[in-house]
RNA sequence: CCGGCCGGCACGGGCGGCCGCUCCGCGGGAGACCGCGGAGAGGAAAGUCCGAACUCCGCAGGGCAGGGUGGUGGGUAACGCCCACCGUCCGCGAGGACAGGGAAAGCGCCACAGAGAACAGACAGCCCGGGCCCGCGCCGGGCUACGGUGAAACGGCGAGGUAAGAGCUCACCGCGGGGGCGGCGACGUCCCCGGCACGGCAAGCCCCACCCGGAGAAAGACCAAAUAGGGGAGGCCUGGUGUGGCCCGCACCGCACUCCCGGGUAGGUCGUUCGAGGCCCGCGGCGACGCGGGUCGGAGAUCGAUGGCCGCCGCCGCCCGCCCGCGCGGGCGCGACAGGAUUCGGCUUACGGGCCGGGCCGGCGCA
RNA sequence: GGCCCCGUCGUCUAGGCCGGCCUAGGACAUCAGGUUUUCAACCUGGUAACACGGGUUCAAAUCCCGUCGGGGUCA
């Protein structure tokens with residue numbers, strides 16, 4: 001559909017505070033060595049990405065920005081291999097040199113499949129328990 | 001040559017390829033979006049320590065309380081910032097540091113030691129006279145130099161003087177008062193007088209002078225689903241509410257009466273980038289800076305845009321190899337601190353080197 | 001993004017306003033000894049801290065300034 005397979009337009013980004021809140025509240029979690037992935041079905045043909053780096057991972061904000069860019073790059077370059085129809089929030093867990101593009105890409109693919117499977121399993125029985133009391 | 005001091009400057013690798021991000025312009029498309037072109041983090045963007053602009057609160061009036069600043073003069077929109085000068089202290093010096101008003105308005109504190117710690121007094125002691133049991137632990141009087149303690153001891157050191165002493169007298173220094181001269185002033189300097197009467201702490205309370213209304217872009221303005229039924233204006237009176245801690249003042253609300261229909265959450269748009277702006281030249285000023293002229297257009301994201309993968313060149317550091325060095329080759333790291341979130345002026349803190357000044361100081365050597 | 005508060009033994013704290021016998025007290029924990037056949041409890045003793053750097057002062061955990069940490073709050 002999109003002529004450029006490696007593009008990352010705004011459509012594919014998770015936007016707005018409430019969207020993030022919903023994923024954090026209802027999403028299925030999968031944790032690896034350097035990442036945590038939280039997934040939630042979004043009833044769209046594509047998957048959307050949100051990144052959240054806690055301040056306790058690194059105090060340095062340039063370092064936090066670097067982690068976010070790497071995650072985004074891994075998502076952009078491997079989008080065709082990732083499951084679709086999910087809202088993903090990816091949280092880097094460790095700073096520093098272990099956080100390379102290859103490692104992030106491999107773990108992102110593995111964890112988003114895991115979390116996506118868990119999310120669809122939780123959604124299929126019961127009529128969409130998303131009605132959030134609030 | 002070695003060591004050191006001060007000030008200033010531009011920087012934060014460069015070029016190229018591919019894949020991407022945000023905004024703007026143009027074109028295409030019904031639209032999602034696509035193509036082309038342009039722009040796209042810092043000197044500290046940081047900490048949020050000050051000062052402002054801007055916005056709202058009843059336009060902010062008075063009093064009390066509270067907070068801040070603290071040599072003088074200037075600069076500035078303003079400042080707790082900057083400049084010049086003064087004073088004190090440190091350094092051989094270039095220079096550096098300083099919250100640097102008032103302690104004879106008052107209160108408070110000054111541990112330990114010491115006789116005595118703030119107002120005088122006399123522990124050990126000295127001297128004179130008298131008495132005596134004449135090697136006295138006696139009486140009367142004079143005295144505080146000397147001794148010891150302490151961070152600090154009632155002016156310091158020296159000389160005269162004396163029974164011993166004492167600003168008792170004298171010189172110098174300090175202190176206080178008065179006057180002359182220089183300076184806008186802080187202050188400096190000189191002369192005269194007094195003869196000591198005034199210990200320290202105000203980053204303890206406090207006094208004096210000056211400054212400060214409060215909140216902060218999550219300020220605030222507009223559009224406006226769902227849901228819920230209320231909301232606004234006028235008159236009236238005991239009460240209540242409000243932006244800062246209180247009071248006065250001020251404004252608003254509520255009960256009952258009359259009149260009129262809009263108010264507002266999620267979400268979105270604006271605020272949002274041209275401003276005490278940068279650069280160049282000239283003039284004034286010791287300088288901070290000011291005045292005049294010319295010229296430039298340079299981020300606006302909203303879970304938050306500058307990145308990723310490569311190639312070549314360059315710098316520095318480290319490691320390895322070639323015979324030590326010189327030099328050559330290879331490898332690693334591109335190296336620090338760190339990223340806008342309304343915008344400026346400062347301060348502070350973090351940090352890698354480089355360049356400049358016919359700059360300055362000390363030491364050694366040579367001429 | 002703004003505003004506000006707090007840093008004391010391993011942990012929770014007292015002291016701070018009003019500086020000095022603070023060589024910093026207490027509780028729990030820990031170590032050693034005692035008691036007990038042993039364990040617990042109890043008794044005695046010990047180890048152990050003023051976040052960091054400057055300044056004011058004769059003297060700073062305390063007062064002032066600056067860093068660095070930790071926390072709260074506001075749509």
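Kindly put A:107, A:73 in sequence by how many other C-beta atoms sit within 10 Å of each C-beta, fewest to most.
Working: A:107 20, A:73 15.
With the fewest neighbours first, A:107, A:73 line up as A:73, A:107.
Inverting the mean 1/r over all pairs of different Cα atoms, compute the Kirkwood radius of chain A and quote it in Å.
Working: mean 1/r = 0.0657 Å⁻¹.
Radius from the Kirkwood sum: 15.2 Å.
What is the helix-to-structure angle for A:61-77, meaning the angle in degrees between its Cα long axis and the longest Cα principal axis of chain A, kept from 0 to 90 and rounded to the nearest 10?
Result, in degrees: 60.
Arranged from highest to lowest average of other beta-carbon atoms within 10 Å per residue, in what order do the peptides A:41-54, A:9-22 appear?
Ranking the peptides A:41-54, A:9-22 by packing returns A:41-54, A:9-22.
Under the classification rounded if a/c is under 1.5, otherwise prolate if a/b is larger than b/c and oblate if not, where does segment A:1-80 fall, given a ≥ b ≥ c as square roots of the Cα gyration tensor eigenvalues? Please report the intermediate quantities before stating the final value.
Numbers: a/c = 1.78, a/b = 1.24, b/c = 1.44.
Note, shape of segment A:1-80 comes out oblate.
Here, each number is a calculation from the coordinates, and none is a lab measurement. It should be emphasised that the depicted structure is a prediction, and the values quoted were computed from it without experimental measurement. Note that each Cβ is placed from the backbone with ideal geometry, even for glycine, and that neighbours are counted across all protein chains shown.
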